[in-house]
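Right, one structure below, let's go through it.
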Amino acid sequence: MSYSQIITLEQFIVDQQSLYKDADGSLSRIFRSIELAAKVVNRDVRKAGLVDILGNQGTSNTHGEEQKKLDVIANNIFIAALAKSGEVSIIISEENEDPIFLEGAEEEKYIVAIDPLDGSSNIDVNASIGSIFSIYRRPTASKTAKIEDCLQKGKHQVAAGYVIYGSSTMLVYTTGLGVNGFTLDDNIQEFCLSHPDIAIPTKGKIFSINEGNYSDFPAGVKSYIEYCKAKDKDTNRPYSARYIGSLIADFHRNLLKGGIFIYPPTEKSPNGKLRLMYECNPMSFLIEQAGGKASTGETRVLDVQPNDLHQRVPLFIGSTDMVELAVSMLNEEALVS
Ligand code: AHG
Ligand code: MN
Ligand code: MN
């Protein structure tokens, strides 16, 4: 492809802006900050091994300072960039217990929830990690930002997306008009449109779940796993098991190839592990926009009324046919037992 054919993220966003009648450029400014933060985090991720070496030398200094972890670094980068956009009044982050009210921005109309570094356990082993974002408009009823403004259902998101730091770095997002993916061209440091209008296949061949917890799974989830592993020519089974332990990486693969990702309720954690506001909701908005489905096993994820910023919900997400079957098996077995 010649450079004249390239569509950069920046250009794409400007072009899309004209499709929204009330667009005043404020969401585009937030996207610009996210894009910048993604590039900076990407730079740090790419030299994480080297930073560790340098960091170790640094920690032997007389101050005995603890070495900063990449998820703290990523959190600071995203917060600084979003604050600079001037459009965001509150940031919710996995790394901060309380919401962050940005000074001087109390009246700004957007709230952004972030998982600045998803899949942190994969940092040290050089596997894919990512950053997730979810954007809401503050309800107009309150003049200045309040904590209650944050507890909105996922269906009210105005935009959501993620950056995956994989074998290449990509930014994938939706504003409710489909899902588009942009690959970072290292040479020109621009995200370029590489995956327009992503649609997830209705049926897939991949199931992603941490099977190590099998004995703790509800009966219906166990049955679904057995179904995935059983031989059947007509339905192309057995399916392939793929699970890396980074939601973004597992999600991204299934989004492109078709598949299901499950983080079920377990006896120990009846709400699963993943957090609604900055993991499940943004991924659910994306999957629905790509033609797939996301459920807690009981209800559509985007319909869950949050009661806590860091609350967890079980997640069944991916190709529509697979999610529907997994959820129906979950509920059938629940009725039997
Ligand atoms: P984070 O690194 O942001 O804390 O998220 C980790 C999450 C998610 O990325 C992944 O799908 C899940 O944890 C893996 O959990 P298990 O190790 O229990 O499988
Ligand atoms: Mn995460
Ligand atoms: Mn995280």
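Below, the figures for the structure above:
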quantity	calculated
One residue from 135, 123 being assigned to a helix (DSSP H, G or I) and buried (at least 19 other Cβ atoms within 10 Å of the Cβ)	123
Residues of segment 199-218 satisfying the condition of being crowded, with 21+ Cβ neighbours inside 10 Å and polar (S, T, N, Q)	208
Complete set of residues in segment 259-278 that are in contact with a helix residue (DSSP H, G or I) (Cβ under 6 Å, 6 or more places away or on another chain) and either closer than 17 Å to residue 153 by Cβ or of a type in the set (A, V, I, L, M) (or both)	260, 274
Matching residues in segment 67-106 - criterion: being within 16 Å of ligand 3 (Cβ to nearest atom) and part of a loop (DSSP other than H, G, I, E, B)	68, 69, 94, 95, 96, 97
Subset of segment 249-295 that is of a type in the set (S, T, N, Q) and over 16 Å from the mean Cα position of the chain (by Cα) - its residue that is modelled with the highest pLDDT	271
Selection from segment 98-120 of residues that are without any contact (Cβ under 8 Å) to a residue 60 or more places away in the chain, open to solvent by less than 60 Å² (accessible area, probe 1.4 Å) and touching a Lys or Arg at 6+ places or on another chain (Cβ under 7 Å)	111
Qualifying residue in segment 247-258 (condition: part of a strand (DSSP E or B), in contact with a helix residue (DSSP H, G or I) (Cβ under 7 Å, 6 or more places away or on another chain) and not assigned by TED's automatic domain parsing to the domain that holds residue 129)	no
Segment 108-122, subset more than 9 Å from ligand 2 (Cβ to nearest atom) and within 18 Å of residue 158 (Cα to Cα), residue farthest from the chain's Cα centre (by Cα)	108
Considering residues of segment 230-244 that are part of a strand (DSSP E or B) and under 30 Å from residue 173 (Cα atoms) only, the residue farthest from ligand 2 (Cβ to nearest atom)	240
Selection count, segment 298-337, where residues are open to solvent by less than 60 Å² (accessible area, probe 1.4 Å) and without any contact (Cβ under 8 Å) to a residue 60 or more places away in the chain	8
Hits in segment 149-198 - residues which are open to solvent by 40 Å² or more (accessible area, probe 1.4 Å), under 18 Å from residue 251 (Cα atoms) and in a strand (DSSP E or B)	194, 195
Near pairs, Cβ below 8 angstrom, 6+ apart or cross-chain, from segment 268-296 (away from ligand 2 (no atom under 15 Å from the Cβ)) to any residue that is in a helix (DSSP H, G or I) and among the polar types (S, T, N, Q)	291/320; 292/320; 293/320; 294/284
Test: residue in segment 138-154 that is in the same structural domain as residue 76 (by TED's automatic domain parsing), under 24 Å from residue 36 (Cβ atoms), touching a residue at least 40 places away in the same chain (Cβ under 8 Å) and touching a helix residue (DSSP H, G or I) at 6+ places or on another chain (Cβ under 7 Å)	yes
Residue match in segment 308-320 (condition: touching a strand residue (DSSP E or B) at 6+ places or on another chain (Cβ under 7 Å), of a type in the set (Phe, Trp, Tyr) and under 26 Å from residue 113 (Cβ atoms))	yes
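Residues checked against (1) away from ligand 1 (no atom under 16 Å from the Cβ); (2) farther than 18 Å from residue 311 by Cβ; (3) in contact with a helix residue (DSSP H, G or I) (Cβ under 8 Å, 6 or more places away or on another chain):
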{"residue": "99", "(1), (2), (3)": "yes, no, yes"}
{"residue": "103", "(1), (2), (3)": "yes, yes, no"}
{"residue": "110", "(1), (2), (3)": "yes, yes, yes"}
{"residue": "128", "(1), (2), (3)": "no, yes, yes"}
{"residue": "161", "(1), (2), (3)": "no, yes, yes"}
{"residue": "166", "(1), (2), (3)": "no, yes, yes"}
{"residue": "179", "(1), (2), (3)": "yes, yes, yes"}
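Residues checked against (1) assigned by TED's automatic domain parsing to the domain that holds residue 270; (2) over 25 Å from residue 179 (Cα atoms); (3) in contact (Cβ under 8 Å) with a residue 40 or more places away in the chain; (4) basic (Lys, Arg):
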{"position": "201", "(1), (2), (3), (4)": "no, no, yes, no"}
{"position": "221", "(1), (2), (3), (4)": "yes, yes, yes, no"}
{"position": "230", "(1), (2), (3), (4)": "yes, yes, no, no"}
{"position": "234", "(1), (2), (3), (4)": "yes, yes, no, no"}
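Per-residue answers, yes or no, for (1) farther than 30 Å from residue 168 by Cα; (2) out of contact with any Lys or Arg (no Cβ under 7 Å at 6 or more places or on another chain):
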site: 209; (1), (2): no, yes
site: 216; (1), (2): yes, no
site: 220; (1), (2): yes, yes
site: 246; (1), (2): no, yes
site: 254; (1), (2): no, yes
site: 262; (1), (2): no, yes
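The values are calculated or read from the model by the stated rules, or taken from the named source; none is laboratory data. Since the structure is predicted, the reported quantities are computational estimates derived from the model, not experimental observations. We place every Cβ from the backbone using ideal geometry, glycine too, and count neighbours over all the protein chains shown. For the accessible areas, the whole protein counts, side chains as well, though only heavy atoms, and no ligand, DNA or RNA atoms are used. Shrake-Rupley method; radii C 1.70, N 1.55, O 1.52, S 1.80 Å.
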